[in-house]
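The values are calculated or read from the model by the stated rules, or taken from the named source; none is laboratory data. Everything numeric in this text was worked out from a predicted model, so none of it was measured. Cβ coordinates were reconstructed from backbone atoms using ideal geometry, including for glycine residues, and neighbour counts include every protein chain displayed. Ligands, DNA and RNA are excluded from the accessible area calculation, which covers all protein heavy atoms including side chains. Shrake-Rupley method; radii C 1.70, N 1.55, O 1.52, S 1.80 Å.
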Amino acid sequence: MASEDKCPVDHAALASSSQQTCPVDHTGAHAATSDEKCPVDHTARSSWTSWFSSNSTDAPLDPHSATPTNTRLPQERETSSIPRMDGSKWVYPSQAQFYAAMERKNHNPHAPDMQVIVPIHNAVNERAWAELMKWEAGEGGDRCGGVKLVSFKGRPKDRTPKARWKMLLGYSAPFDRHDWVVDRCGTRLRYVIDFYTGHSQTPSANNLSFYLDVRPAMDNWEGVRLRATHFWHRWAGNLFSSSPSRPAPSSS
């Protein structure tokens, strides 16, 4: 990935920190091991910030007219609903951490934007997990305390076959892609997530819309089984719902 496409986080600085924290050393004062990251691969963060900036109708902050610092931004962090393998939950970065990470990598962040970007960062990933759990419903994950997120990777430059096919049909390319690996009672399964912008007529900082295409990767039999079952249910459901219903028997 080219340097301009990378996330501002200096992953080489990640070393150690307390449990249940986002892994990113956003301030230089904190660090974390790879298994303590928040559920967003920060190598893809520039995809989100660049999309937000390009759709924002607000005038950007002139970096020469003010000197915003992360000390003015909230330090509070939001705990996600996404379970980790140790039973805790992943934790998202604060606005101050998000800003400091971008600033350290010279991405010219705008402090006022953090109050919008960070909630989007969190909410979209909550939606991704909710969509993933729809696939996992009824698959037995509740027998061992629920499905857990094991690892994740941002791959914004790697198009999935489905995304390439949709682009050939005239659809816009996804602006980001994640691969999430989950654990269901010892069974590991990779999910692919394509992130698309929505169909809002007037995209802006206050009118953001996203479409998430979440599905199991077909790189093992479990993924193939889930995809085939999902396809059958949809096909059969559409077939039977389109069949003319029989008239109810008379009660004479």
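So how many residues does segment 178-192 have that are in a strand (DSSP E or B) and in contact (Cβ under 8 Å) with a residue 40 or more places away in the chain?
6
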(request) Show the residue pairs that are 6+ apart or on different chains and have beta-carbon atoms under 8 Å apart, the first residue being within segment 207-233 and touching a residue at least 40 places away in the same chain (Cβ under 8 Å) and closer than 16 Å to Asp183 by Cβ, the second being open to solvent by less than 30 Å² (accessible area, probe 1.4 Å) and hydroxyl-bearing (Ser, Thr, Tyr). (result) Pro216/Tyr191
(message) Among the listed residues Lys153, Lys166, Lys162, identify the single one that is farther than 15 Å from Glu131 by Cβ and touching a residue at least 40 places away in the same chain (Cβ under 8 Å).
(response) Lys153
(request) Filter segment 155-172 down to residues that are closer than 24 Å to His121 by Cα and surrounded by 14 or more Cβ atoms within 10 Å (Cβ to Cβ), then give me how many there are. (result) 5
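Looking at Thr197, Thr202, which one is modelled with pLDDT under 90 and within 15 Å of the chain's Cα centre (by Cα)?
Thr197
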(request) Determine whether Ala236 is out of contact with any Phe, Trp or Tyr (no Cβ under 7 Å at 6 or more places or on another chain), among the small types (Gly, Ala, Ser) and modelled with pLDDT of 80 or more. (result) no
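Find the residue count for segment 173-188, including only residues that are hydrophobic (A, V, I, L, M, F, W, C) and open to solvent by 20 Å² or more (accessible area, probe 1.4 Å). Give the steps one after another, and end with the answer.
So the first thing to find is which residues in segment 173-188 are hydrophobic (A, V, I, L, M, F, W, C), and the list is 173, 175, 180-182, 185.
Add one more test, that the residue is open to solvent by 20 Å² or more (accessible area, probe 1.4 Å), and what stays is 173, 175, 181, 185.
Adding up the residues that qualify gives 4.
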